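The values are calculated or read from the model by the stated rules, or taken from the named source; none is laboratory data. All values derive from a computational prediction rather than experimental measurement. Heads up, the Cβs are rebuilt from the backbone with ideal geometry, glycines too, and the neighbour counts pull from every protein chain shown. Side chains included, ligands, DNA and RNA excluded: accessible areas come from the protein's heavy atoms. Shrake-Rupley method; radii C 1.70, N 1.55, O 1.52, S 1.80 Å.
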Number of protein chains: 2
Amino acid sequence: MTGRVAIAGLGPGDPRLWTAEVRDALAEATDIVGYGPYVARVPDRAGLAKHASDNRVEIERATHALALAAEGRRVVVVSSGDPGVFAMASAVFEAVEARPSAFRDLEIRVLPGITAMLAASAAAGAILGHDFCAINLSDNLKPWAVIEKRLTLAIEADFACAFYNPRSQARPEGFGRALALMQAACERGRLITFARAVSTPEEHLTTVTLDEAVPEMADMRTVVLLGSSRTRRIERPGRAPFVYTPRSVPE
Amino acid sequence: MTGRVAIAGLGPGDPRLWTAEVRDALAEATDIVGYGPYVARVPDRAGLAKHASDNRVEIERATHALALAAEGRRVVVVSSGDPGVFAMASAVFEAVEARPSAFRDLEIRVLPGITAMLAASAAAGAILGHDFCAINLSDNLKPWAVIEKRLTLAIEADFACAFYNPRSQARPEGFGRALALMQAACERGRLITFARAVSTPEEHLTTVTLDEAVPEMADMRTVVLLGSSRTRRIERPGRAPFVYTPRSVPE
């Protein structure tokens with residue numbers, strides 16, 4: 001049995017959103033590697049070694065997973081959401097590139113999962129039903145000026161926008177600046193949805209207009225969806241509205 | 001038992017990419033509604049009525065599904081990929097809005113799936129591992145000028161870009177115009193990946209530089225991924241390269 005690495009997406013929280021491919025990879029694994037809270041989502045069983053690490057040590061974690069595979073282990077690196085969207089897949093390939101002789105011939109597969117923005121869009125209705133973009137608002141790995149430029153151009157393009165990592169204790173100000181930029185660039189009635197912990201018992205969705213939005217509506221468990229100029233809300237008495245973007249743009 | 005509609009994503013092809021939530025909804029359904037080839041992906045069983053329709057009749061299909069639910073049926077509308085990404089979810093909400101008295105109180109849920117661009121990015125490596133956008137290149141429902149504007153701004157923002165519906169027999173010219181725009185706006189060595197029929201027996205991935213790309217590399221079963229300026233290729237002798245976008249943008 002040769003070693004291999006699968007980088008698997010656990011979706012936003014509920015195991016019912018795992019794909020069968022991910023479930024099977026977890027069942028066949030000898031080792032699970034990942035950020036502690038995601039590793040904890042995988043049930044314990046005999047013969048399964050779990051390697052939980054802290055946040056923000058992605059390259060060390062990726063290198064550890066690759067080294068275990070090079071020893072012949074069947075390793076699954078777990079991410080929340082989809083591993084290819086602001087998660088572990090790019091970190092693993094960065095680690096492969098950094099050590100050409102060690103890891104390049106390993107079997108490495110990315111197993112997609114349900115990413116937070118698509119779970120949030122579905123829970124609200126279909127906010128991302130037309131052209132859209134995804135922007136990571138953390139400035140850990142890129143300058144804030146790049147975030148502002150991308151946000152400005154995305155609004156000019158009239159994309160619906162999904163914002164990952166809008167706000168953390170270490171970065172409390174950034175989202176307020178992004179929100180102020182949106183409020184200056186968009187019409188007052190533009191819809192914005194704050195989707196927290198989708199598919200978990202703590203799930204909470206709030207849709208407001210941009211002039212009603214305040215930075216405190218987001219935290220580190222929230223994905224924020226800014227509608228395009230065409231995004232609409234279907235009100236339903238006593239129930240959450242449907243929020244969706246139509247498929248067409250008029251001439 | 002009251003009627004309800006679930007709009008379910010069947011992923012790019014392989015049933016191993018279905019979520020458990022989608023599998024369970026299909027098992028409990030009385031009626032499956034959708035475009036013929038997607039309805040055909042759901043196994044037959046006693047008590048299950050399958051309603052296959054032609055392409056491009058999304059609103060009629062959505063209204064039919066809602067009418068069945070209003071009669072008390074448990075309806076699953078099937079989409080390929082994720083129903084919220086250029087698929088049936090927005091069409092269902094358009095149909096709800098068009099008939100306020102009939103459908104607004106129905107239970108309607110969107111069950112996310114693996115959308116084509118994320119399956120393609122995973123099959124190649126992690127092309128969409130940094131900020132990115134998704135653009136539908138079909139001009140059936142929006143003017144071509146909107147597509148060109150969005151594409152131009154997306155390249156200026158240095159998003160990786162996923163293009164859905166790049167080319168069909170009814171619209172053979174559009175993708176060539178989009179490709180010429182990319183070739184004029186990006187450096188020659190920018191990577192572009194043509195991912196056809198991912199997760200099916202016909203899966204075929206091709207990654208080339210923009211100056212090597214020709215329109216005939218895309219067809220109606222292809223999703224096209226244009227890398228950002230940072231997207232890289234890790235060559236592997238005798239095997240497909242890994243193509244990925246690093247997580248960081250330098251100062």
Modelled label-to-label distance, residue A:55 and residue A:236, 7 Å Cα→beta-carbon offset: nm?
3.4
Calculated from backbone phi, Karplus (6.51, -1.76, 1.60) coupling profile of the range B:77-88 in Hz, x at Gly/Pro
8, 9, 10, 7, x, 9, x, x, 10, 6, 8, 7
What is the calculated FRET efficiency for residue B:200 to residue B:229, with r their C-beta to C-beta distance and R₀ = 30 Å, to the nearest 0.05?
0.45
Net charge around residue B:150, counting only other residues with Cβ within less than 10 Å of its Cβ (Lys, Arg = +1; Asp, Glu = -1)?
-2
Size descriptor, Kirkwood hydrodynamic radius, that averages inverse alpha-carbon separations across chain B, Å:
19.3
How about the range B:31-116: which GluC sites (Glu not before Pro) there lie in a loop by DSSP and see at most 16 other Cβ atoms within 10 Å?
B:71
Residues whose built amide H sits under 5 Å from the amide H of residue B:136, excluding neighbours closer than 5 in sequence, are A:131, B:164
For the range B:162-177, in residue order, the Karplus 3J(HN,Hα) values (coefficients 6.51, -1.76, 1.60; θ = phi - 60°; whole Hz; Gly and Pro = x) are 9, 10, 9, 6, x, 6, 9, 4, 6, 9, x, 8, x, 5, x, 5
Is the range B:161-202 best put as rounded, prolate or oblate by its Cα gyration tensor, with a ≥ b ≥ c the root eigenvalues, rounded for a/c under 1.5, and otherwise prolate when a/b is larger than b/c, oblate when not?
oblate
For the protein assembly as shown, any Cys whose C-beta has no other cysteine C-beta under 4.7 angstrom counts as unpaired, and these are A:161, A:186, B:161, B:186
In Å² (nearest 100), what accessible area is buried between A and B, both sides summed, heavy protein atoms only, 1.4 Å probe?
6400
Once you order the gyration tensor axes a ≥ b ≥ c over the Cα atoms, which shape class does the protein assembly as shown get: rounded for a/c under 1.5, otherwise prolate or oblate by comparing a/b with b/c?
rounded
Between the Cα axis of helix A:58-70 and the main Cα principal axis of chain A, the angle (0 to 90°, nearest 10) is 30
Quick one: net charge around residue A:204, please, counting Lys, Arg +1 and Asp, Glu -1 for every other residue with C-beta under 11 Å from its C-beta.
-1
For the range A:20-89: rounded, prolate or oblate by the Cα gyration tensor [a/c cutoff 1.5]:
rounded
Give me the net charge of residue A:5's neighbourhood, meaning all other residues with Cβ under 10 Å from the Cβ of residue A:5; Lys, Arg count +1, Asp, Glu -1.
+2
Selection of trypsin sites (Lys or Arg not before Pro), the range B:28-110, meeting DSSP coil and at most 13 other Cβ within 10 Å
B:45, B:56
Taking amide H positions as placed 1.01 Å from N in the peptide plane, with prolines and chain starts having none, which residues 5 or more places from residue A:7, or on another chain, fall under 5 Å of its amide H?
A:77, A:109, A:110, A:111
Using 7 Å Cα-to-Cβ label points, what is the residue A:139/residue A:212 separation (nm, one decimal)?
3.0
Treating cross-link reach as a plain straight distance, find the aspartates and glutamates whose alpha-carbon is under 18 Å from the alpha-carbon of residue B:142, omitting any fewer than eight places away in the same chain.
A:131, A:156, A:158, A:251, B:58, B:94, B:173
With the 8 Å Cα cutoff and a minimum separation of six or more residues, chain B has a relative contact order in percent of 20
For the protein assembly as shown, give me the percentage of DSSP beta bridges that are antiparallel, rounded to the nearest 5 percent.
45
Extension gain from residue B:44 to residue B:105, taking 0.36 nm per residue of separation minus the Cα-Cα distance
19.0 nm
So what are the ³J(HN,Hα) numbers for the range A:10-17, from phi and the Karplus equation (6.51, -1.76, 1.60; θ = phi - 60°), rounded to whole Hz, Gly and Pro as x?
8, x, x, x, 5, x, 5, 9
